[in-house]
Amino acid sequence: MANALSLPASAKSSSTKAAGSQSTADPECLTVTQSSPATYTIENTACPTESVLASMELAGASDDTRCFVKKIRTQISIASEGGAPVINYQCIEGTPGCSAELVRDMFPECRAG
């Protein structure tokens with residue numbers, strides 16, 4: 001049975017204003033569940049007809065942390081021995097202020113996913 005994880009306030013989606021676009025608040029579309037001791041599923045539960053762009057972090061077994069931007073339409077599975085993935089930001093692709101380029105620019109330390 002998968003356990004639903006509560007995300008910290010910093011991992012919730014927020015408003016952003018891109019140059020030349022209106023500010024937009026995006027719904028929280030993604031849910032993180034643990035499917036095995038070191039595997040997590042990130043599922044688009046609230047916005048099933050939309051693609052969601054997300055910036056997320058994975059803690060490694062040591063003190064290293066990986067960050068990447070991923071587009072999620074339905075769900076993805078991620079191996080993470082250091083704990084649950086943290087979603088730093090999420091938005092519905094194509095809405096004002098939400099494109100892969102803008103999200104990558106917001107988190108330049110994250111590689112494309």
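The values are calculated or read from the model by the stated rules, or taken from the named source; none is laboratory data. Bear in mind that the values here come from a model prediction, so they are computed numbers and not experimental data. Quick reminder, even Gly has a Cβ in these numbers, built from the backbone with ideal geometry, and neighbours come from all protein chains shown. With ligands, DNA and RNA removed, areas are computed over all heavy atoms of the protein, side chains included. Shrake-Rupley method; radii C 1.70, N 1.55, O 1.52, S 1.80 Å.
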Which order do the peptides 35-45, 50-60 come out in when sorted by mean C-beta neighbours inside 10 angstrom, highest first?
50-60, 35-45
Given labels modelled 7 Å from the Cα in the Cβ direction, how far is it in nm from Thr49 to Glu93?
1.7
With a 1.4 Å probe and every protein chain left in place, tell me how much accessible area Arg73 has, in Å² to the nearest 10.
120
Solvent-accessible surface ranking, highest first, for Leu102, Leu30 at 1.4 angstrom
Leu102, Leu30
